[in-house]
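Each remark here refers to the structure printed beneath this line.
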Amino acid sequence: MKKNIIYIVLLALVTSFSLSSCEDMLTPDMDRNDEIDQVAADTLYSYWGILKSLQSVAERYVILGECRGDLVSGTEYISDSIHAILDFQTDDVATADGACRYLKASDFYHIINSCNAYIAQCDTLRKTGTDRSVMIKEYSQVVSIRAWVYLQLLLTYQRVPYVDTPVLSTEEIEAVHNANRFVTIDDFADSPIVQKLEEVRGVDYPNYGNYQNLVHSTLCLFPQNLVLGDIYLLRAKGGDKDSYRKAAQHYYDYLNSEWGGVIQTNNMFGVLERDRITDIFELGSTAGWPGMFNTTTEVTASQEVVTVIPSSMSKLFGSVQRGIQQLFGFDSEISVRTNAEDTITTVAVSLTANFKHELGASKLYENLNLTQDYEAYIGTSTTKVCKVINGAGDARYQMTTNNRPDPDSDDSETVNFVMKQNHGSGYAVGSSGGRAYVGRVTTITFPTAYPIIYRKGSIWLRFAEALNGAGFPGYAFAVLKSGLCGNSAWVPTLNTLYQPDELRYFAVENGDSSFFSSADALKDAYVQRAINEGVVFSEDEATKATEYEAYLTTNGITVGKDTLSYNEWPAESIVPEDLVCDHIGRRETREAQSYPFFTFQTDKGYLRGTGTAYTYAVGGTEREIGSSFATYNFNGDNMTTGIHTRGCGRIMPNERNTVFNYVDQINKMLAADGQPTLTKKEIYQDANLDKVQKAIGHLILDELALETAFEGNRFFDLVCYSRLCGSADEFAKRVAARSGSLDAGLYGRLQNESNWYFKLPQ
């Protein structure tokens, strides 16, 4: 009988404790680290070696994450191996370990084994002259990387061999093999690997400045709280509030730090304009959303990108990643030239569109974007009116994909290109110009692609997922509509403002309730009913009151003042008109006081927003926004923005006329899932919380598609949503319908959750 995968994989990993070359791109200027002695420097090179090894799994993060989702489709030029992944043919020979370069389990375990060796050998007790632990920051990062790589293994295989000690000899291989330990999505959060990550989650991050002038070292970090948030979010299922709350706390702890922050309002949204000739809405000149990806600088609270796995520009400096570009339709050519004096090396990367590429945007993704409601203010600063621009769709779609006519084709059909990986300077590593390194200048004339692992948009949306699962769908919706930030301008608190203006009076008979505006109205109604039934009341008021009470008792009628639970009141009775988040019910407001992940007002103000302006078209109409825009400020102190505004128009947070409101969006999602809609009152009732959570979960899933498509997150997003709903059908029907119609064979196959994952080779 063959040895299982754990033996085969580990056999290739003996002494795999990687070191990084000084010439590799992931090597900083060591002159900045004058406190580091030679022993610590050796450990640093080992840490950079682990970072370099992540490049072996970087592209599959995107490819496996998107090909097992609903946002990409194969073209007529698709290869067998990519088709097998798209079609979830997990037993196909093309998916065997080694046969497909995107499905080599050994690459994951190589990184894990290097991490295990580092953790076992790193001396975290070594101190500097300032009594600072020399390697604790790097140590905590290796712990975080190991957990993240295991998470990717689980997302690929669902159940994988568990190894948390270094395997450096054949004897250790046998010991690990004989232990026969496995870990799954459901129990990984309880493993020693995750417990170790919890122990170091408060450790700060290392900072080495730039790596070879290509990318800042802080962009290559895996924040511990973000990895932990993902682990708990993936484990959580509908009703498991504990896991959702743990995930929410970890996301919050990152966002509430100098590295985190709110969704910034500056230049990170798209404006659509109508072409008068074609009648097609296209991006206006103020669109700035793609620019968020174009960064190689140090991570800050105002920056969108948090974590990347960079690609080198040339083999001179490490691994060159081309797979993502090629699959989506861009062939790259790298040229390296050194001048006659051998003092200047120029690296140039050029991209050429390949109309015979393998992957494009799915019809489902296209339809989702085009059916979004784009809203804008029309008029002047005093006459502005919120209008829905019919047919415009989501502006982010125009910045993510493009249809181009094939110059070699005889017909007028266009070819779909996913531009997000190569949009302008998007996903760039490097910049124009150069920096001297010992007589050498490296010049980059065009960027290459790299996977973004974490960015603010995806973090906030996962925070929203966690809040929703934890029982706070209103707060989750706020992330989409208006954003969450510190400052009492929006954060609800329990005070007299939230008491209803009038308490209702009720009568209960045979379990049915009737409600009245006052005690007198209630009494008059039942007195009249008694008279109609033949009861004769005395003229004396005291005697009449006794006779009335006797009538109620005889007929089993109980009356009283309002005793409905506090969350059953409709939203307009909960939040005063001048508050932003009128969709948050009193139950959520009350319970939120018990959890620290709602503490948005902090002394350092990491979650305080910035001043914001809202765009309106001067003299435009619903069909013609025009090119003349103006802006006005709304309550500019400490405000933020919602994720949805990045593609569907910048609407003031307190706007009541927007179609993107809590009640309408919940009912839109319920109707899309074939469920009956709810009244405003019913939405706030405890009995309907599960329905509301699933509707908001669906809405967040759509927003994740609009905001983060083609970045590698989609499989994770779909699995998390399906676990919230407790149904494999939620995953199956979305993936099977990505072509625009249901693929019955694929739908049936995906009803079995085990078919979502690949089989470990035996």
Efficiency of FRET between residue 207 and residue 679 - r from beta-carbon atoms, R0 60 angstrom, step 0.05
0.65
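Can you put 717, 373 in order of Cβ neighbours within 10 angstrom, beginning with the fewest? Present the calculation step by step, with values, prior to reporting the outcome.
Details: 717 23, 373 18.
If I rank by nearby Cβ atoms, fewest first, I get 373, 717.
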Counting pairs of Cα atoms in segment 127-211, how many percent are more than 20 Å apart?
49
Mind checking the full-extension length gain between residue 753 and residue 363? Use 0.36 nm per residue of separation minus the Cα-Cα distance, one decimal, nm.
138.0 nm
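How much length, in nm to one decimal, is gained on full extension between residue 101 and residue 277, taken as 0.36 nm per residue of separation minus their Cα-Cα distance?
On the way: separation 176, 0.36 × 176 = 63.36 nm, distance 4.73 nm.
That works out to 58.6 nm of additional length.
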Using the number of other C-beta atoms within 10 angstrom as an exposure proxy, rank 509, 304, 588 with the fewest first.
509, 304, 588
Counting only residues 5 or more apart in sequence or on a different chain, those whose built amide H sits under 5 Å from that of residue 737 are 743
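Once R0 is set to 60 Å, what does the formula 1/(1 + (r/R0)^6) return for the Cβ-Cβ distance between residue 404 and residue 184, expressed as a FRET efficiency to the nearest 0.05? Mind showing how you got there, number by number?
Numbers: r = 44 Å, r/R0 = 0.73.
The calculated FRET efficiency here is 0.85.
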Could you line up 722, 81, 482, 754 from fewest to most neighbouring Cβ atoms inside 10 Å?
754, 81, 722, 482
In range of the label at residue 561: residues from segment 508-524 whose backbone nitrogen is under 19 Å from the point 7 Å along Cα→Cβ:
508, 514-524
A correct Karplus calculation of ³J(HN,Hα) over segment 101-109, with 6.51 cos²θ - 1.76 cosθ + 1.60, θ = phi - 60°, whole Hz and x for Gly and Pro, returns 5, 8, 10, 9, 4, 5, 5, 4, 6
Residues residue 300 and residue 690, FRET efficiency given R0 of 51 Å [Cβ-Cβ distance, rounded to 0.05]
0.80
By how many nm would the segment from residue 618 to residue 517 grow when fully extended, if each residue of separation counts as 0.36 nm and the alpha-carbon distance is taken off?
31.7 nm
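Pairs of alpha-carbon atoms within less than 8 angstrom and 6+ residues apart define the contacts here; what relative contact order does segment 505-561 have, in percent?
Details: 46 pairs, mean separation 27.8, N = 57.
Answer for segment 505-561 is 49 percent.
Laboratory data are not the source of any read-out in this text; all were calculated from the coordinates shown. Computed from a predicted model, the values in this text were never measured in an experiment. As a convention, Cβ positions derive from the backbone with ideal geometry for all residues, glycine included, and neighbour counts pool all protein chains shown.
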